[in-house]
Each structure stands twice: as structure tokens, then as C-alpha cells.
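Undergrad: Pasting in a structure now, in C-alpha cells, and then I'll have a few things to ask.
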Amino acid sequence: MMRLEDSITKLKGIGEKTAALFGRVGVFSCYDLITFYPRTYFAYPDPLEEEPSSEMLGKPFCIAATITNPVGSRGGKIPVTTTRIKSFGCEIDCVWYRTPYIRHQLVPGIHRLFYGILEKQGNHYKLQQAKVYTPQEYTKLQNRLQPVYSLTKGLSNQTVCKAVDLALTMLDQQPQEYIPEAFRKKRRLMSYRMALRHLHFPDDFEDLKEARRRICYNEFFDFAFEMRREKEGEDVIQNPFVFQSLKEKDRVMEQLPYQLTRGQQDALDDILKDFQSEHVTQRLIQGDVGSGKTILAFLAMISCAENGYQTVMMAPTEVLARQHYETFEELLKAYHLPYRAVLLTGSVKGKKRNEVLSKIASGEADFVLGTHALFQEKVAYHRLALAITDEQHRFGVKQRKMLSEKGECPFSIVMSATPIPRTLAMILYQNMNISVISDVPARRKPIKNALITPAMRTKAYQMILKEIQEGHQAMVICPLVEESEKMDGENVTDYAEKLRGMFHERATVGLLYGPMKPEEKEKVMEQFASGRIDVLVSTTVIEVGVNVPNATVIMIEDAQRFGLAQLHQLRGRVGRGDAQSYCMFVDTSGGAKAPERLKVMTSSNDGFFLAEKDLKMRGPGDFYGIRQSGDFAFALADLYQDGDLLKEVGEDMQEFFSSEEKRKDTELDAINRHLNFMSNVTYHNL
């Protein structure tokens, strides 16, 4: 019997080499593997019945055909197998490279189904690397949705499918149920184990929808339970900190080249009232992209420093942590402040790390910036009064708590750029005071939006080049990392090459995507931030962790694949400087519904308005891919798509904690065992 925490190398067929590939996508244990959910699903299409139009070429098709020619083959370094088939009244040349075994499936005169990318060269059709099926085999494939996973070079979709199937089989009865039976029955949830199986290998769409609903319920339940347990178990801590002087903070505010907005001033007043209050508090500052949360954090940190206290600020990525460090260093210098900032991330090692740790422990460092490395065991703080978490939804409750426990009892501020409707925020942040910054600085020009079709790309590229020639920079967002035979959509690797060929020496093109090594990402981001890269082609990894005021245009390919909330976050990567900025949404769906959503996107730059629209426009099962917003410490659940489910969890949580006499000890024990296991798994993977 295998355990959830066992290495995937215990699975048959996974050696060290394959395990290393899985490691590049964050999969190390059997638990990682069974919760490595598909990013979308694929349904095999019906065979073509007529000759395709030119717009349809270059995409994967199924062709029902009769093999007309004998199989040809040639050896050499790259073995080639060829034949010819006939379908929809046309002859099609088929070519396979490095697959000599395919010849056994190609007998002249027999009928087969060929699945592959169809192209036309002159008057001749060509099909390369097609998969060959009998009618019975293809019908079986059509009857089920096929999972499509996020991959890295060398790791195939088929390899992931086999490993997941084996893990689910060998784990047998694990993982165990922990959601109280009464809630499972009331909400009509399928079993946890069945949900895991059907999420990876659904029989049909309804099956997938119910499996996803069960897993999302679990994720919301875990989060809400941790928050509620933290609230229930919290001691009311007397405020031990004395804030006698705010002169430095006032001086900096007077010297700022702009006035704080009403929302910023109200949020800052809330923070300062907290510092003077009777008890230590936690506060959420919720502000849209570009609303100026960073300057509030800086002013709060000054307030602590001038009273002899230390502040720590944690960011989810090294890129973002370094940006905060560099920003604060510049501000400290610009306003002649006598305070010291240090940076602590996973890449700070050896002698340098020891120096940073020493400065933190001695109090020489007033501002401590970094990543999850900040709450590691060896980090000791000196009179820590404030712990700030930026983009807080990227961390679980456990990580934020570990950071705040580093001091004696520091105040806690968490910052979120994700606009959340208040009804949902009250469930998620039941143990926090909430400040909302609903306005943006007047000095920033509103981003101009445009919804474009693929036919308008040439004009879009001309606009990008024009911005570059004027000294600005641009970004292009693609939904895919590499070309996939099962997914139709733009991918960053091919797109970057296309732009390099198009722009030649007129613009430098960079590439950024998730599976890259941290040091590679850091290097690309540094080059883009410094202006050495003119156009950055990226996946949604760019969503959090980049602040380039010189970037004035962003082009989002296959925009219909994203939810409104994520599109808004992506759009927020531009418009951070004084120049006019632009966002182009490329709709490649050709349908009627996607443009309706995207038209809403182009009509407003207000994230809170879009969040409410997102809730209203998405219905159950109306999801674009498996996961939308990328927000919060959820692997699958989506605040906007699953808002109604979150409300149900909130009701169940209220019932669970308000009826202690009815609650079974075994239920509480099962939940606690699960959450303890989850916290260990999360910590291990940081």
C-alpha cells in the first residue's frame, strides 16, 4: 500500500529521470500527482465529412479514410514512414518521423481514422504524425473527455495520464473522507475518492462538473475552517507597542509629489488607528491594480521604524520581493530616511545570507523584505511590530500565521489586488478588519482597451512597434507554453520566434513562462525591467510579480480563454507610468458568447465592477478550461466561478461552529488530521 506522502519514484515506470521532469512542474509525491489537475479537457471531434476551408487548416482533425498506397519507409538518422489515404474526395499524403512501428497499422485497402494536423501545400494535402485508430478505438475515445495537463519539455501528456491512473489505483482507499457526512448529503457531493478519479478521467461533462464541484467544496472548506479555527482560537492580545512619534511619516507624506487618494488616506488612517488600539489586530487592504497599496505599506513601515520597531513584508515570488526591496531602497534614499532595508529570499545563500540574518536579529535591519524564506526556522526578528503579506492570496493561512508568529505578537496587514465582492470577502476574511481602496491615483491615465479579431493582428503589431520606437515596451500574453496537438491556441515559444522574425533588429523579444528555472525567470524579468527587452512574450506567470512603468501596451491572445478577473489582473501589468497605455484583447473563438464577456472587459477599468460582472456572467459549469483566475491558495476553486459554492461552505461552517453539542469529536479529529497533513505537504513544497 502506497502512502500519499511517498515519492512518485515508487510508482512503476517512474525512474529518477522521469521524476526530475515531474519535479519541474511541481510534482514530487503521490499526493502532488493526484492533485496535479488537468488544465483543460479535450474532446475528440467527429471525422471531417467535407473538404475543409483554408481557415480550418493547420488545426487537428479526424479524417476517416481508406489507405490507398503501399507503405513506404526509409532509414537513416531519422526514419520516415509514408503512405497515401483518400477522404472527402481528395488524396492526402501521410508522413511519420521516428515511428517505424506505425507501418503495422497501415494496410492498403483498410479503413482507419487518422487524427492529426492537416495542412495544404499547393494542391496537395499533407497529414504529419497522425495517430491511427480503428473505428471502435476512436468511438471509445470520443465517448470520454481527455485530460490535458501542463507539461514541460520531455514530459508527455500520455506519461502524466499513466502515472496519475497508477497512483489513484495503488493508493486504494486514500485519501480518506473528512467532510462531515451531513454536509456531504445536504450538498449532494460525490465521494472524495471518486471525485479525484473523475476529475482526471471524466466520463462526460456532467461527471466532470460534479467532480470539480466536490474538490472545490473541499478547498473552500479547508480555507474557511482554518480561518474560523484561527478566529475561534485567537487570544485577545493586548497591544504592547507604543507609537509616540509619527513625524517622519508626516514629513514623507508632505514631500510626496502627489496627494494620497481618499481611499488611500482612509486605509492609512485605519492602519494608524490599529497601531494605537487596545489590542493587536489583523487588517486586509483590498485595492484594485494600481490603487497605490505599496506606498501605504511604506508609510506604515516608516511609522514602525521611527518608533524603534521592525517590519517584515513577504511577497509570493522572488521577482516581486526584489522589486519591493529596490523600491523601498530608492524611497529611503530619496526621503533621506535613516533606516535600513534587507532582502531575504531562497536564492540568498552562504555568507550573504548569514549577514542578512545577523542584521535582522540585531535590529540593524528596519525593513525586511523577502519570500517564504522569511518564516524559516533560523530567521530571528528584533522587536517585530508589523508583518505585511503582499498578494496574500498566494499563501495559505498556515504560511501567513507562521510569519506573524515570528514576532512576539505583531500587527498583521495583508494586501490583495484581487477585487472581491463584499459578500465573498466576509466569508474569506472573517477574522480580519477590511479596508477597501476603491479609487486610483488621478495622475494615472485610464488604459485604452480594444477588442480585436485575428485579422487585425497586423495592425496590432504595427502599434506595438510604434510604441517601441517611441521608447516604450510591450507584452504579449499567450495561454499555452508549447504547441499541443490537443489544444488549439497560441503558445509562447512559437509566438516569440514569430515576433523575432517579424521585428528583426527593430525590437528585442524575450520569453517568460512557468516551467523556466527561477534564475532564468529572474534574468528575463531583470532584462525587461531594465529596458533591454522591448517585447516580452509570456504566459500568465506575468500576472503577479512585474512592475515595469515603461510598458505601455499589452496584447492578450485567445482572450476568451480567461475570466474577467484574470484579464483585469493581466491588463494591470501596463498603465503603471505616466504615459498613455493600451490593452488589446484578441478574440479567436469566432462565437457569440465570448465577445459578450470581452465587451464588458473593454467597457471598464474598474476591477470591483468586473468582479461583480464575473459572478453574474458565469453559471455552473460555464468554465473556460478547468481553472480561471489563479487567485488564492486554491489549486482548483475559483472565487468568481464558484461564488455560490463558497456561500454554501460559509453556511456549513457557521452551522458546524455554532452547534458544538451536536458536533461529533470524530468529525473534528478527521478535519484536523487532514489539515495537519495539508500544512505539512504545503510546507514541503515551498
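The values are calculated or read from the model by the stated rules, or taken from the named source; none is laboratory data. The model shown is predicted, which means the values in this text are computed figures rather than measured ones. Note that we place each Cβ from the backbone using ideal geometry, even for glycine, and neighbour counts take in every protein chain shown.
Undergrad: Output the number of the condition that Phe183 fails; it satisfies all remaining conditions of (1) out of contact with any helix residue (DSSP H, G or I) (no Cβ under 6 Å at 6 or more places or on another chain); (2) hydrophobic (A, V, I, L, M, F, W, C); (3) outside any strand (DSSP E or B).
TA: (1)
Undergrad: Out of Asp631, Asp622, which single residue is modelled with pLDDT under 80, more than 25 Å from Thr317 (Cβ to Cβ) and charged (D, E, K, R)? It would help to see each step written out before you state the result.
TA: Working: Asp631 fails: more than 25 Å from Thr317 (Cβ to Cβ).
Checking each option against the conditions leaves just Asp622.
Undergrad: Got a number for residues in the range 159-180 being assigned to a helix (DSSP H, G or I) and of a type in the set (Asp, Glu)?
TA: Residues of the range 159-180 assigned to a helix (DSSP H, G or I): 159-170.
Cutting the leftovers down to of a type in the set (Asp, Glu) gives us 165.
Residues in the range 159-180 being assigned to a helix (DSSP H, G or I) and of a type in the set (Asp, Glu): 1 in total.
Undergrad: Taking the criterion of being exposed (fewer than 15 other Cβ atoms within 10 Å of the Cβ), out of contact with any Asp or Glu (no Cβ under 6 Å at 6 or more places or on another chain) and hydrophobic (A, V, I, L, M, F, W, C), would at least one residue in the range 18-39 satisfy it?
TA: So far as the range 18-39 goes, yes, one or more of its residues are exposed (fewer than 15 other Cβ atoms within 10 Å of the Cβ), out of contact with any Asp or Glu (no Cβ under 6 Å at 6 or more places or on another chain) and hydrophobic (A, V, I, L, M, F, W, C).
Undergrad: Same structure again: Of the conditions (1) modelled with pLDDT of 90 or more; (2) in a helix (DSSP H, G or I), Asp494 clears all except one; give me its number.
TA: (1)
Undergrad: Please work out if Ile92 is closer than 18 Å to Tyr133 by Cβ, part of a strand (DSSP E or B) and in contact (Cβ under 8 Å) with a residue 40 or more places away in the chain. Walk me through it before giving the result.
TA: Values: closer than 18 Å to Tyr133 by Cβ: yes; part of a strand (DSSP E or B): yes; in contact (Cβ under 8 Å) with a residue 40 or more places away in the chain: no.
In short, no.
Undergrad: Here's a follow-up. Go through (1) within 30 Å of Asp207 (Cβ to Cβ); (2) touching a residue at least 12 places away in the same chain (Cβ under 8 Å); (3) within 35 Å of the chain's Cα centre (by Cα) and name the single condition Leu113 misses.
TA: Of (1) within 30 Å of Asp207 (Cβ to Cβ); (2) touching a residue at least 12 places away in the same chain (Cβ under 8 Å); (3) within 35 Å of the chain's Cα centre (by Cα), only one is false for Leu113: (3).
Undergrad: Sticking with this one: Can you give me the ranges of the strands (runs of 3 or more DSSP E) entirely in the range 406-455 with at least 3 residues that are within 27 Å of His324 (Cα to Cα)? Can you show your working first?
TA: Values: elements: 411-416, 433-437, 448-452.
In the range 406-455, the matching strands (runs of 3 or more DSSP E) lie at 411-416, 433-437.
Undergrad: So, one more: Kindly list the number of the only condition in (1) closer than 26 Å to Leu636 by Cα; (2) surrounded by 17 or more Cβ atoms within 10 Å (Cβ to Cβ) that fails for Pro47.
TA: Status for Pro47: all satisfied but (1).
Undergrad: Among the residues of the range 80-89, how many are surrounded by 16 or more Cβ atoms within 10 Å (Cβ to Cβ) and of a type outside the set (Val, Ile, Thr)?
TA: Here the count works out to 2.
Undergrad: For the range 421-436, enumerate the residues that are farther than 20 Å from Met653 by Cα and either out of contact with any helix residue (DSSP H, G or I) (no Cβ under 6 Å at 6 or more places or on another chain) or among the aliphatic types (A, V, I, L, M) (or both). Steps first, answer last, please.
TA: First, pick out the residues of the range 421-436 that are farther than 20 Å from Met653 by Cα: 434-436.
Scanning the range 421-436 gives Ile434, Val436.
Undergrad: Something else now. Are any residues in the range 107-124 surrounded by 20 or more Cβ atoms within 10 Å (Cβ to Cβ) and either touching a Ser or Thr at 6+ places or on another chain (Cβ under 9 Å) or charged (D, E, K, R) (or both), and if so, which ones? Steps first, please.
TA: Step one: filter the range 107-124 for residues surrounded by 20 or more Cβ atoms within 10 Å (Cβ to Cβ), giving 112-116, 118.
Across the range 107-124, the qualifying residues are Arg112, Leu113, Phe114.
Undergrad: Scan the range 39-54 for residues that are touching a Gly at 6+ places or on another chain (Cβ under 9 Å) and not in a strand (DSSP E or B) and jot them down.
TA: Taking the range 39-54 as the starting set, the residues that turn out to be touching a Gly at 6+ places or on another chain (Cβ under 9 Å) are 39-41, 50-51.
Within the range 39-54, Arg39, Glu50, Glu51 qualify.
Undergrad: A follow-up question, please. Filter the range 145-186 down to the residues that are among the charged types (D, E, K, R) and more than 15 Å from Phe22 (Cβ to Cβ), then identify the one that is surrounded by the most Cβ atoms within 10 Å (Cβ to Cβ). First the steps, then the outcome.
TA: Narrowing the range 145-186 to residues among the charged types (D, E, K, R): 153, 162, 165, 172, 177, 181, 184-186.
Those still in the list that are more than 15 Å from Phe22 (Cβ to Cβ) too: 172, 177, 181, 184-186.
Numbers: Asp172: 9, Glu177: 14, Glu181: 10, Arg184: 16, Lys185: 9, Lys186: 13.
In this case the residue turns out to be Arg184.
Undergrad: Further question: Of the residues Asp207, Asp222, Asp270, which is of a type in the set (Asp, Glu) and over 29 Å from Phe609 (Cα atoms)?
TA: Selected residue: Asp207, the only one of Asp207, Asp222, Asp270 that is of a type in the set (Asp, Glu) and over 29 Å from Phe609 (Cα atoms).
Undergrad: Can you name the residue in the range 1-17 that is surrounded by fewer than 20 Cβ atoms within 10 Å (Cβ to Cβ) and in a helix (DSSP H, G or I) and is also modelled with the lowest pLDDT among such residues?
TA: Across the range 1-17, the extreme among qualifying residues is Lys10.
Undergrad: What are the residues in the range 138-162 that are polar (S, T, N, Q) and free of Cβ contacts under 8 Å to residues at least 40 places away in the same chain, if any? Before the answer, list the steps.
TA: Restricting attention to the range 138-162, the residues satisfying the condition of being polar (S, T, N, Q) are 139, 142-143, 146, 150, 152, 156-159.
Listed by number, the residues that qualify are Thr139, Ser156, Gln158.
Undergrad: Would you mention how many residues in the range 418-434 are within 22 Å of Arg571 (Cβ to Cβ) and either crowded, with 23+ Cβ neighbours inside 10 Å or of a type in the set (Ser, Thr, Tyr) (or both)? Can you show your working first?
TA: The first filter runs over the range 418-434 and keeps only residues within 22 Å of Arg571 (Cβ to Cβ), leaving 418-421, 424-425.
The next check asks that each one be either crowded, with 23+ Cβ neighbours inside 10 Å or of a type in the set (Ser, Thr, Tyr) (or both); those that pass are 418-420.
Qualifying residue count, the range 418-434: 3.
Undergrad: Here's a follow-up. For the range 240-289, name all the residues that are crowded, with 16+ Cβ neighbours inside 10 Å and either basic (Lys, Arg) or in contact with a His (Cβ under 9 Å, 6 or more places away or on another chain) (or both).
TA: Listed by number, the residues that qualify are Lys249, Arg283, Asp288, Val289.
Undergrad: When only residues in the range 316-357 that are in contact with a helix residue (DSSP H, G or I) (Cβ under 8 Å, 6 or more places away or on another chain) and aromatic (Phe, Trp, Tyr) count, which is nearest to Glu522 (Cα to Cα)?
TA: Going through the qualifying residues, I end up with Phe328.
Undergrad: I've got another one for you. Quick test for you: out of Thr539, Thr508, Thr552, pick the one residue that is surrounded by 21 or more Cβ atoms within 10 Å (Cβ to Cβ) and in contact (Cβ under 8 Å) with a residue 12 or more places away in the chain. Even if it seems obvious, please write down each step before you answer.
TA: On the way: Thr539 fails: surrounded by 21 or more Cβ atoms within 10 Å (Cβ to Cβ); Thr508 fails: surrounded by 21 or more Cβ atoms within 10 Å (Cβ to Cβ).
Just one listed residue meets the conditions, Thr552.
Undergrad: So, one more: Just for the range 312-340: of the residues that are assigned to a helix (DSSP H, G or I) and of a type in the set (Ser, Thr, Tyr), which one is surrounded by the most Cβ atoms within 10 Å (Cβ to Cβ)?
TA: Taking the range 312-340 first, the residues assigned to a helix (DSSP H, G or I) are 318-334.
Filter once more, so that each one left must be of a type in the set (Ser, Thr, Tyr): 325, 327.
Details: Tyr325: 21, Thr327: 17.
The selected residue is Tyr325.
Undergrad: Another question about this same structure. With respect to Pro100, determine if the residue is surrounded by 13 or more Cβ atoms within 10 Å (Cβ to Cβ), closer than 30 Å to Thr588 by Cα and modelled with pLDDT under 90.
TA: On the way: surrounded by 13 or more Cβ atoms within 10 Å (Cβ to Cβ): yes; closer than 30 Å to Thr588 by Cα: no; modelled with pLDDT under 90: yes.
Considered against the rule, which asks whether it is surrounded by 13 or more Cβ atoms within 10 Å (Cβ to Cβ), closer than 30 Å to Thr588 by Cα and modelled with pLDDT under 90, Pro100 comes out as no.
Undergrad: So Leu343 clears everything in (1) buried (at least 16 other Cβ atoms within 10 Å of the Cβ); (2) modelled with pLDDT of 95 or more; (3) more than 25 Å from the chain's Cα centre (by Cα) except one condition, right? Which one?
TA: Unmet condition: (3).
Undergrad: So in the range 290-311, with the set limited to residues that are assigned to a loop (DSSP other than H, G, I, E, B) and buried (at least 23 other Cβ atoms within 10 Å of the Cβ), which one is modelled with the highest pLDDT? Steps first, please.
TA: Keep residues of the range 290-311 that are assigned to a loop (DSSP other than H, G, I, E, B), which gives 290-292, 306-309.
Checking which are buried (at least 23 other Cβ atoms within 10 Å of the Cβ) leaves us with 291, 309.
On the way: Ser291: 84, Tyr309: 96.
Across the range 290-311, the extreme among qualifying residues is Tyr309.
Undergrad: Among the residues of the range 270-329, write down those that are out of contact with any strand residue (DSSP E or B) (no Cβ under 8 Å at 6 or more places or on another chain) and among the hydrophobic types (A, V, I, L, M, F, W, C).
TA: Leu272, Val289, Ile295, Phe298, Leu299, Ile302, Val319, Leu320
Undergrad: Oh, and also: Within the range 552-563, can one find any residue that is under 20 Å from Ser530 (Cα atoms), touching a Gly at 6+ places or on another chain (Cβ under 6 Å) and in a loop (DSSP other than H, G, I, E, B)? So that I can check it myself, show each step before the final result.
TA: Restricting attention to the range 552-563, the residues satisfying the condition of being under 20 Å from Ser530 (Cα atoms) are 552-554.
Applying the additional criterion that residues be touching a Gly at 6+ places or on another chain (Cβ under 6 Å) yields none.
No, because not a single residue in the range 552-563 is under 20 Å from Ser530 (Cα atoms), touching a Gly at 6+ places or on another chain (Cβ under 6 Å) and in a loop (DSSP other than H, G, I, E, B).
Undergrad: If you don't mind, another one. Taking the residues in the range 497-541 that are among the small types (Gly, Ala, Ser), at pLDDT below 90 and assigned to a loop (DSSP other than H, G, I, E, B) as candidates, determine which candidate is nearest to Arg457 (Cα to Cα).
TA: Gly514
Undergrad: A further question follows. Within the range 194-215, is even one residue under 30 Å from the mean Cα position of the chain (by Cα), part of a helix (DSSP H, G or I), among the hydrophobic types (A, V, I, L, M, F, W, C) and closer than 30 Å to Ala305 by Cβ? Before the answer, list the steps.
TA: Within the range 194-215, the first condition is being under 30 Å from the mean Cα position of the chain (by Cα), and the residues that meet it are 194-215.
Now restrict to residues that are part of a helix (DSSP H, G or I): 194-200, 205-215.
Then keep just the ones that are among the hydrophobic types (A, V, I, L, M, F, W, C); that gives 194-196, 199, 205, 208, 211, 215.
Now restrict to residues that are closer than 30 Å to Ala305 by Cβ: none.
Scanning the range 194-215, I find no residue that is under 30 Å from the mean Cα position of the chain (by Cα), part of a helix (DSSP H, G or I), among the hydrophobic types (A, V, I, L, M, F, W, C) and closer than 30 Å to Ala305 by Cβ, so the answer is no.
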